[in-house]
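Engineer: Sharing a structure with you now.
The values are calculated or read from the model by the stated rules, or taken from the named source; none is laboratory data. Everything quoted here is computed from the prediction, not taken from an experiment. Because the Cβ atoms are built from the backbone with ideal geometry, glycine has one as well, and the counts that use them run over all protein chains shown. With ligands, DNA and RNA removed, areas are computed over all heavy atoms of the protein, side chains included. Shrake-Rupley method; radii C 1.70, N 1.55, O 1.52, S 1.80 Å.
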Amino acid sequence: MTRAQLLADDPIWLILLKVVVIFLFALLTAMISVWGERRIIGRMQNRPGPNRVGPFGLLQPVADALKLPFKEEIIPITADKGVYRIAPVIALFPTFIAFSVIPFGGEVSIFGERTVLQLVDLPVGVLVVLACSSIGIYGAVLAGWA
């Protein structure tokens, strides 16, 4: 069977499982990138903070994630509140779409179902990734404009 045929036969629970795994992969990739960046910048600026929270500073992203919901929300008075709130969603949504066309592996069996480690198989997958990377900046533009 071809990749497209294997993906077409996926049950809904397997599609949802792939979506959750891709979502978690994207979030973990962002956390690891932030951890590495803060660790390197902390050393460059001689700031020990990001390198001391937990072993090797690994708990710094967790501390940031716990702190974020409790911070005071400041929305400028003249801002368009709808656009201001939807801007981060517009920035993140193309990222998840781009990850959906990336093949992470070949044919595997998950709980007895044969499938490929990819959410969708598009013949123009590279163009989708490029288009999504160019659309993602609109979230930042809208946040500034709002």
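Engineer: Assuming M31 fulfils every condition listed in (1) over 30 Å from V124 (Cα atoms); (2) in contact with a Pro (Cβ under 9 Å, 6 or more places away or on another chain) apart from one, which condition is it?
Structural biologist: Of the numbered conditions (1) over 30 Å from V124 (Cα atoms); (2) in contact with a Pro (Cβ under 9 Å, 6 or more places away or on another chain), the odd one out for M31 is (1).
Engineer: A further question on this structure: Name every residue in segment 121-132 that is surrounded by 12 or more Cβ atoms within 10 Å (Cβ to Cβ) and at pLDDT below 85, in order of residue number.
Structural biologist: Of everything in segment 121-132, those that are surrounded by 12 or more Cβ atoms within 10 Å (Cβ to Cβ) and at pLDDT below 85 turn out to be D121, L122, G125.
Engineer: Are there any pairs with C-beta distances below 8 angstrom linking a residue in segment 105-134 that is acidic (D, E) to a residue that is assigned to a strand (DSSP E or B), with the two at least 6 apart or on different chains, and if so which?
Structural biologist: E107/R114; E107/T115; E107/V116
Engineer: Also: Is segment 132-141 home to any residue that is within 23 Å of D9 (Cα to Cα) and within 15 Å of the chain's Cα centre (by Cα)?
Structural biologist: So far as segment 132-141 goes, no, none of its residues is within 23 Å of D9 (Cα to Cα) and within 15 Å of the chain's Cα centre (by Cα).
Engineer: For I75, which of the numbered conditions (1) in a loop (DSSP other than H, G, I, E, B); (2) out of contact with any helix residue (DSSP H, G or I) (no Cβ under 9 Å at 6 or more places or on another chain); (3) not charged (D, E, K, R) fails to hold?
Structural biologist: All conditions pass for I75, except number (2).
Engineer: Would you be able to tell me the number of residues in segment 60-72 that are more than 27 Å from V19 (Cβ to Cβ) and open to solvent by 60 Å² or more (accessible area, probe 1.4 Å)?
Structural biologist: 4
Engineer: A further question follows. Can you go through A26, A8 and tell me which one is under 22 Å from G105 (Cβ atoms), under 24 Å from the mean Cα position of the chain (by Cα) and open to solvent by less than 100 Å² (accessible area, probe 1.4 Å)?
Structural biologist: So the residue among A26, A8 that is under 22 Å from G105 (Cβ atoms), under 24 Å from the mean Cα position of the chain (by Cα) and open to solvent by less than 100 Å² (accessible area, probe 1.4 Å) is A26.
Engineer: In addition: When you go through (1) within 22 Å of I15 (Cβ to Cβ); (2) not in a strand (DSSP E or B) one by one for P69, which number turns out not to apply?
Structural biologist: Single failed check for P69: (1).
Engineer: Right, next: Give me the residue from segment 36-59 that is open to solvent by less than 70 Å² (accessible area, probe 1.4 Å) and modelled with pLDDT of 80 or more and, out of that set, farthest from V101 (Cα to Cα).
Structural biologist: G42
Engineer: Being in contact with a Leu (Cβ under 9 Å, 6 or more places away or on another chain) and closer than 30 Å to L7 by Cβ is the filter here, so list the residues in segment 22-78 that pass it.
Structural biologist: Those that are in contact with a Leu (Cβ under 9 Å, 6 or more places away or on another chain) and closer than 30 Å to L7 by Cβ: I22, A26.
Engineer: Now, a different point. With R47, R39, R43, R52 as the choices, which residue is out of contact with any Asp or Glu (no Cβ under 7 Å at 6 or more places or on another chain) and under 28 Å from I137 (Cβ atoms)?
Structural biologist: R39 is the lone residue from the list that is out of contact with any Asp or Glu (no Cβ under 7 Å at 6 or more places or on another chain) and under 28 Å from I137 (Cβ atoms).
Engineer: A further question on this structure: Looking at segment 73-95, is at least one residue open to solvent by less than 90 Å² (accessible area, probe 1.4 Å), hydroxyl-bearing (S, T, Y) and more than 20 Å from A143 (Cβ to Cβ)?
Structural biologist: No: zero hits.
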